[in-house]
Amino acid sequence: MAQGAPWLEGLNPAQRAAVEATEGPVLVLAGAGTGKTKALTARIAHLLRTGRARPNEILAVTFTNKAAREMKNRIGALIGEAAEGMPWVGTFHAIGVRMLRRHAELVGLTPGFTILDTDDQLRLLKQLIAAADIDEKRWPARLLASVIDGWKNRAIVPDRVPAAEAEAFGGQGPALYAAYQDRLRTLNAVDFGDLVLHCLTILQTHPDVLGQYQRWLRYIHVDEYQDTNVAQYLWLRLIAQGHRNLCCVGDDDQSIYGWRGAEVGNILRFEKDFPGAQVIRLEQNYRSTGHILSAASGLIAGNRDRLGKTLWTEAGGGEKVRLIGHWDGEEEARWIGEEIEAIAAGRRAVVAGLDGVAILVRASHQMRAFEDRFLTIGLPYRVIGGPRFYERQEIRDAMAYLRLAVSPADDLAFERVVNTPKRGLGERAQATIAQAARAGGTGLASAAARLAREGAIGGRAGAELRRLTEAIGRWHAVALAPGYDHVALAETILDESGYTAMWQADKTPEGPGRLENLKELVKALEGFENLQGFLDHVALIMDNAAEDAAEKVSVMTLHAAKGLEFPVIFLPGWEEGLFPSQRAMDETGLRGLEEERRLAHVGLTRAERLATVSFAANRRVYGQWQSQLPSRFVDELPPADVEVLTPPGLYGGGFGAAAGGMAERVARADAYASPGWARMAARTSAPRGIARPEEARTLTVRADAEAAFAPGARVFHAKFGYGRVMAADGDKMQVSFEKAGEKHVLASYLVAAERAADLPF
DNA sequence: GCTAGGTTAATTTTT
DNA sequence: TTAACCTAGC
């Protein structure tokens, strides 16, 4: 069968069906560890090798560069040649840039537009907020950024903001959004959201362009379809209307990015959106042993909004999921450290090297406890998903200088480095420059050059400004010459600007590292033709460069773990409020809870042979000790797949009762003497308690309703004490505290005053 | 214009 | 607890 078709070898029947269903809309529901990338790449290889499509007729979009790279590599391996000739394989954003550069003028840009990073974006928004005379404290730029981002994710342009949302950002949201888009256009810049939204606008308003892509792209593939947002969905749907060959691969149970615009509804609705669609389920799991898989399946079964899959494996039962409770977070970290040493030393049923072990946490601040512990015991670890190389301050500064050399009119870049290193050009001088730029209708750099020449800014500042603007002119002249040595230019720029010298003079411990990073940046330049090519690449690819080979334990968030697998997984911090996160539940209620549950499912399914869930009775939250209740997800694990471990130093198994369910857990809870714990436990048995799975929904609805307090309500805050609600905006409360005065706090940090006595402190 | 100390508020993060 | 941000004083 697969004879003469090596790309079909080793596929199971479902995978093979997905590969061969080339025509018409197809949804491949691929559970965790079921070989989805294998099926997807085999399908593309199949299209190519059977002559159904040429490399440039296949569109394949992913969310991350890593996924795009892997797809290209694997297709290349299958068809026996590099997949470099496939221009439409990439992330939504990379493909968006490609399209947009081609048609920039249709949305009022020129093809040389710059792509803003988050920093630039915030700086721009701050200016607009200040210009609109809005109090930045009450209405921070970050909030506006997320509001605008939310609109862009849903393909809402400024004049189409729904009336119900016009109140956003103090009623100024829509106006500021419009102003922001105007400003971007004059700067000839786009943000990440625009990369998709502008493309969509072009396709919607220019049938000729749309027709061109519709004819061109015969086969369309989407990886991680559950992560698409509305704008991406609309974009895909338009293009797919041509040949109607759309293959979406995804897993509704792994949708964990709802908070940044991903719309699970896209995958849940697929069959309605694309009538006659085939749905193929990949359910055979090749990653995990039986108990792990079954525990994960049992847990996710608690979600109502899902298409449903039954994962199975030919691997045996293996080890049960281990469950253990600890006295506090430090003990949890200590215990996990010891377990890892035991596993690495071969003293446990499952043996793995440090590279095979990962700790997955809900929120990045939880990583600290493990870092502290591992440092003291000298256990090598790596943190995945920390600050990325291209997001570091020194790299962004250096990039701003490079941007100025390519286009001196880049105002945001100019603003960023005009006084870095310090040149005595403070607020006042910058205001003068900005004013001159506005008056002359030019960019900041050219206005600055004029001011410097005319001597309008005096003293050291004037001299420095003159040096800087002349240097920019020189660099730009070099960058204009075809075939210039861009690596040498970059070195010159960093040198002449005084930027390298600035870090050489820096005596803080970070100094040397930053210089090292700058060197790496220059080295990275070597791989590119010129500066422009490099800048484009960096704007989209924020990957961390350094990969070191040493054996280390990985520590990362559950989000960062998606798509990865490890023989041994630790899942600490399964406590109510932490995981599921209180905030997720407050903000989006049942939807939030279900996303948290999917996150738990993602965590468990990362494990190949051993998964250990743990929780602590006490945890320091923002410096305050707090009693914690085990997560409802602990109770939702099927008891048959769980082995309860006895925590060290506790009689009678302590939390061991948790696996038996709520009643038993509460009965045993008095093993812990903390008054707070006792009160919490007592409260648990009251109607308002933390729910069993079947109660979870009503509880969440109630919690949601209680998230807000009406003005006038008397409330209690752990730090500020008693107070009265003055105003409420969603979950944000303005409270006048008796002792602490007026504050803005999130409703989830408040309780009704009459319930304050129930609190565990 | 810069820096040190006080104030504030507090997921998840890719592009 | 802590890190980022702002304000007051040099």
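The values are calculated or read from the model by the stated rules, or taken from the named source; none is laboratory data. Predicted model, so just to flag it, every value in this text is computed and none were measured. Methodologically, a virtual Cβ is constructed for each residue, glycine included, from the backbone with ideal geometry; neighbour enumeration extends over all protein chains shown. With ligands, DNA and RNA removed, areas are computed over all heavy atoms of the protein, side chains included. Shrake-Rupley method; radii C 1.70, N 1.55, O 1.52, S 1.80 Å.
Summary of computed values
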read-out	value
Single residue of segment A:603-643 satisfying the filter (farther than 16 Å from A:Gln582 by Cα and small (Gly, Ala, Ser)) that is nearest to DNA strand C (Cβ to nearest atom)	A:Gly623
Residues of segment A:156-202 satisfying the condition of being at pLDDT 95 or above and more than 22 Å from A:Leu234 (Cβ to Cβ)	none
Residue check for A:Arg403: in contact (Cβ under 8 Å) with a residue 24 or more places away in the chain, out of contact with any Ser or Thr (no Cβ under 6 Å at 6 or more places or on another chain) and crowded, with 21+ Cβ neighbours inside 10 Å	yes
Leading residue by the ranking (nearest to DNA strand B (Cβ to nearest atom)) among those in segment A:356-377 that are open to solvent by 60 Å² or more (accessible area, probe 1.4 Å) and not hydrophobic (A, V, I, L, M, F, W, C)	A:Ser364
Residue among A:Arg98, A:Arg102, A:Arg142, A:Arg138 that is open to solvent by 20 Å² or more (accessible area, probe 1.4 Å), in a helix (DSSP H, G or I) and within 13 Å of DNA strand C (Cβ to nearest atom)	A:Arg142
Residue in segment A:509-518 that is of a type in the set (Lys, Arg) and either open to solvent by 60 Å² or more (accessible area, probe 1.4 Å) or without any contact (Cβ under 8 Å) to a residue 40 or more places away in the chain (or both) present	no
Some residue of segment A:388-403 being among the β-branched types (Val, Ile, Thr), closer than 30 Å to A:Glu551 by Cα and more than 16 Å from DNA strand B (Cβ to nearest atom)	no
Test: residue in segment A:3-16 that is over 27 Å from A:Lys272 (Cβ atoms) and aromatic (Phe, Trp, Tyr)	yes
Filter result for A:Gly513 (in the same structural domain as A:Pro421 (by TED's automatic domain parsing), within 38 Å of the chain's Cα centre (by Cα) and within 27 Å of A:Gln532 (Cβ to Cβ))	no
In segment A:447-465, residue most open to solvent (accessible area, probe 1.4 Å) [restricted to those that are more than 16 Å from DNA strand B (Cβ to nearest atom) and of a type in the set (D, E, K, R)]	A:Arg453
Single residue of A:Ala14, A:Ala39 found to be among the hydrophobic types (A, V, I, L, M, F, W, C), in contact with a strand residue (DSSP E or B) (Cβ under 9 Å, 6 or more places away or on another chain) and open to solvent by less than 10 Å² (accessible area, probe 1.4 Å)	A:Ala39
Filtered residues of segment A:573-613 (kept if at pLDDT 95 or above, of a type in the set (S, T, N, Q) and under 21 Å from A:Glu332 (Cα atoms))	A:Thr612
Residues being touching a helix residue (DSSP H, G or I) at 6+ places or on another chain (Cβ under 7 Å) and more than 16 Å from DNA strand B (Cβ to nearest atom) - total across segment A:181-197	3
Residue check, A:Asp641 over 24 Å from A:Asp227 (Cβ atoms), of a type in the set (D, E, K, R) and either touching a strand residue (DSSP E or B) at 6+ places or on another chain (Cβ under 6 Å) or at pLDDT 95 or above (or both)	yes
Condition check for A:Arg373: of a type in the set (Lys, Arg) and more than 36 Å from the chain's Cα centre (by Cα)	no
Residues of segment A:348-400 classified as part of a helix (DSSP H, G or I) and away from DNA strand C (no atom under 16 Å from the Cβ), total	9
First in segment A:129-150 and assigned by TED's automatic domain parsing to the domain that holds A:Ala178 and closer than 16 Å to A:Ala179 by Cβ, second anywhere and among the charged types (D, E, K, R) and within 13 Å of DNA strand C (Cβ to nearest atom), Cβ under 7 Å, 6 or more apart	A:Ile129/A:Glu136; A:Ala130/A:Glu136; A:Glu136/A:Lys126; A:Ala141/A:Lys126
Scan of segment A:480-491 for residues that are touching a helix residue (DSSP H, G or I) at 6+ places or on another chain (Cβ under 7 Å) and either open to solvent by 20 Å² or more (accessible area, probe 1.4 Å) or among the basic types (Lys, Arg) (or both), ordered by number	A:Tyr484, A:Val487, A:Glu491
Residue match in segment A:608-620 (condition: within 14 Å of DNA strand B (Cβ to nearest atom) and in contact (Cβ under 8 Å) with a residue 60 or more places away in the chain)	yes
Restricting segment A:42-79 to residues that are β-branched (Val, Ile, Thr) and open to solvent by 50 Å² or more (accessible area, probe 1.4 Å), the residue that is modelled with the highest pLDDT	A:Thr50
Every residue from segment A:425-462 that is in a helix (DSSP H, G or I) and on the phi > 0 side of the Ramachandran plot	A:Gly459
Helices (runs of 4 or more DSSP H) contained entirely in segment A:196-304, each with at least 1 residues that are touching a residue at least 40 places away in the same chain (Cβ under 8 Å) and acidic (Asp, Glu)	A:270-273
Subset of segment A:621-640 that is of a type outside the set (Ser, Thr, Tyr) and open to solvent by less than 10 Å² (accessible area, probe 1.4 Å) - its residue that is farthest from DNA strand B (Cβ to nearest atom)	A:Leu637
Selected residue (only one of A:Leu599, A:Leu604 is open to solvent by less than 20 Å² (accessible area, probe 1.4 Å) and away from DNA strand B (no atom under 12 Å from the Cβ))	A:Leu604
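Condition check ((1) at pLDDT 85 or above; (2) not in a loop (DSSP other than H, G, I, E, B)) across all residues:
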| residue | (1), (2) |
| --- | --- |
| A:Glu464 | yes, yes |
| A:Glu470 | yes, yes |
| A:His476 | yes, yes |
| A:Val487 | yes, yes |
| A:Leu494 | yes, yes |
| A:Pro509 | no, no |
| A:Arg514 | no, yes |
| A:Lys519 | yes, yes |
